[in-house]
Amino acid sequence: RLLADALDAFERAQCHSTQKLLRLFTQKVALLECDLAPAERVCLRRAARAVVDAARMVATECPHHDDTRHDVAAAMEEGDAFVRLGLLEAAVLQYSQATAQFAAG
């Protein structure tokens, strides 16, 4: 349901709400992983990775004001670094920060 709500929010151009829902999904993944078998963890991590990709896409698709472009780029770079480290929840948080620059700008 979280992902359906995130898609709905994105279609209504509510970038901040979309990111919040995607972040909530990755938090739930982190909690659920503890109770799953290894094969189930792999499947759940793949879904989480797809959500991270979606969060990055939302951050790049949302319009940003010129005076926040540097902050957005920095947040995106940090998010990308977290992805390379496998820290998916942290990556989504950074992409959310990039989106927040839109809301603040």
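Take residues that are surrounded by fewer than 17 Cβ atoms within 10 Å (Cβ to Cβ), within 11 Å of the chain's Cα centre (by Cα) and modelled with pLDDT of 90 or more and tell me which of the helices (runs of 4 or more DSSP H) falling wholly in region 1-99 contain 2 or more.
Answer list for region 1-99: 15-32, 38-61.
What pairs come out if I take residues in region 42-56 that are within 11 Å of Leu88 (Cα to Cα) and in contact (Cβ under 8 Å) with a residue 60 or more places away in the chain and pair them with residues that are of a type in the set (Gly, Ala, Ser) and in a helix (DSSP H, G or I) whose C-beta lies under 7 Å away, six or more apart or interchain?
The qualifying pairs do not exist here.
The values are calculated or read from the model by the stated rules, or taken from the named source; none is laboratory data. Source: prediction; values computed, not measured. Every residue, glycine among them, receives a Cβ derived from its backbone with ideal geometry; neighbour counts consider all protein chains shown.
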